[in-house]
1. Within segment 114-132, can you find the residues that are touching a residue at least 40 places away in the same chain (Cβ under 8 Å) and either in a loop (DSSP other than H, G, I, E, B) or closer than 16 Å to LEU59 by Cα (or both)?
2. Looking for whichever is modelled with pLDDT under 90 and of a type in the set (Ser, Thr, Tyr) here; the options are THR90, THR73. Which one fits?
3. Checking GLU94 against (1) under 16 Å from LEU153 (Cβ atoms); (2) open to solvent by 80 Å² or more (accessible area, probe 1.4 Å), which test does it fail?
4. Suppose we filter segment 23-33 for residues that are among the aliphatic types (A, V, I, L, M) and surrounded by 12 or more Cβ atoms within 10 Å (Cβ to Cβ); how many remain?
5. Report, by residue number, each residue of segment 133-181 that is open to solvent by less than 90 Å² (accessible area, probe 1.4 Å), within 30 Å of ALA95 (Cα to Cα) and not in a helix (DSSP H, G or I).
6. Within the group LYS86, LYS70, LYS42, which residue is open to solvent by 50 Å² or more (accessible area, probe 1.4 Å), under 16 Å from VAL137 (Cα atoms) and in contact with a strand residue (DSSP E or B) (Cβ under 8 Å, 6 or more places away or on another chain)?
7. For a quick check of your reading of the model, give me the residue pairs whose first member lies in segment 84-113 and is closer than 17 Å to ASP57 by Cβ, whose second is basic (Lys, Arg) and open to solvent by 40 Å² or more (accessible area, probe 1.4 Å), with beta-carbon atoms closer than 9 Å and at least 6 apart or on different chains.
8. Which residue is most open to solvent (accessible area, probe 1.4 Å), if the candidates are limited to segment 45-67 and must be under 20 Å from the mean Cα position of the chain (by Cα) and aromatic (Phe, Trp, Tyr)?
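The values are calculated or read from the model by the stated rules, or taken from the named source; none is laboratory data. As the structure is a computational prediction, the values presented were derived from the model and not from experiment. Note: ideal-geometry Cβ built from the backbone for every residue, glycine included; neighbour counts use all protein chains shown. To get the accessible areas, we keep the full protein, side chains included, count just its heavy atoms, and leave off ligands, DNA and RNA. Shrake-Rupley method; radii C 1.70, N 1.55, O 1.52, S 1.80 Å.
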Amino acid sequence: MVRYADDFVVLHPTEEGIKKAQSIATAWLADMGLELKPSKTKMTHTLLSYQGNVGFDFLGWTVRQFPVGKTHTGVANQHGHPLGFKTIITPSKEAVKRHLKELGDVIRKHRHISQGQLIKELNSRIHGWTNYHKTVVSRDAFEHCSCVLYAQLRRWARRRHPRQGKQWIAQKYWHAKEGKR
C-alpha cells in the first residue's frame, strides 16, 4: 500500500488480493465514519487492459508498464529471471494541463509588468513543478510545456507591442545566451 494524505494505492499481483484489500479498507474506514468514494475508486492493471483502463494516476504521475524485449527488461529476483516489462512513471496529462493553465494565468494576470518581473514570477513556479517531476520520465512533458510556454510568452509580447513586427519583438525579448536561443 502506498499512501499520501487521504489518497492511497493498493498494489497486488492478483485481482482477488485487491478485492480483499478493498473490503478491508472499507471496513477500516467505516469504523472512523468514512467511506471509499465509488467514483474515485478504481481497479486497473498497469500492463494489460482491465475494464478499458491501463495504468493509474497518483499524485500527478501516471504509472504504467510496457512490454519490452530481453535486453531492456528488469530482473525479477537474484537468479536473473527477466520480467518482460518495464515500469514507466510520467507526469499525468492532468498535471501538465494544470501547470500550463497556472502559467497562463500568471502571464494574463501580469500583462503590465516588465519582462524581468514576469520571468521572476514564472521561474518560481516552473522550478517547483520541474523539481517535483524530475525524478520520473519527464522529458516529453517538459518539452511540451516549453513549447506552450513559448507560445504564451509570444502572445504576451505581441499584446504589449501590437504595432511592431514579429522580428522586432523577437529581438527585444529573446536573446541568445551562451549559444542557446
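1. The answer is TYR132, and nothing else.
2. That would be THR73, the only listed residue that is modelled with pLDDT under 90 and of a type in the set (Ser, Thr, Tyr).
3. (1)
4. Of the residues in segment 23-33, 2 are among the aliphatic types (A, V, I, L, M) and surrounded by 12 or more Cβ atoms within 10 Å (Cβ to Cβ).
5. Selection gives VAL136, VAL137, SER138, TRP174.
6. LYS86
7. Filtered contacts from segment 84-113: THR87/ARG64; ILE88/ARG64; ILE89/ARG64; THR90/ARG64; HIS99/ARG125.
8. Looking at residues that are under 20 Å from the mean Cα position of the chain (by Cα) and aromatic (Phe, Trp, Tyr), I get PHE66.
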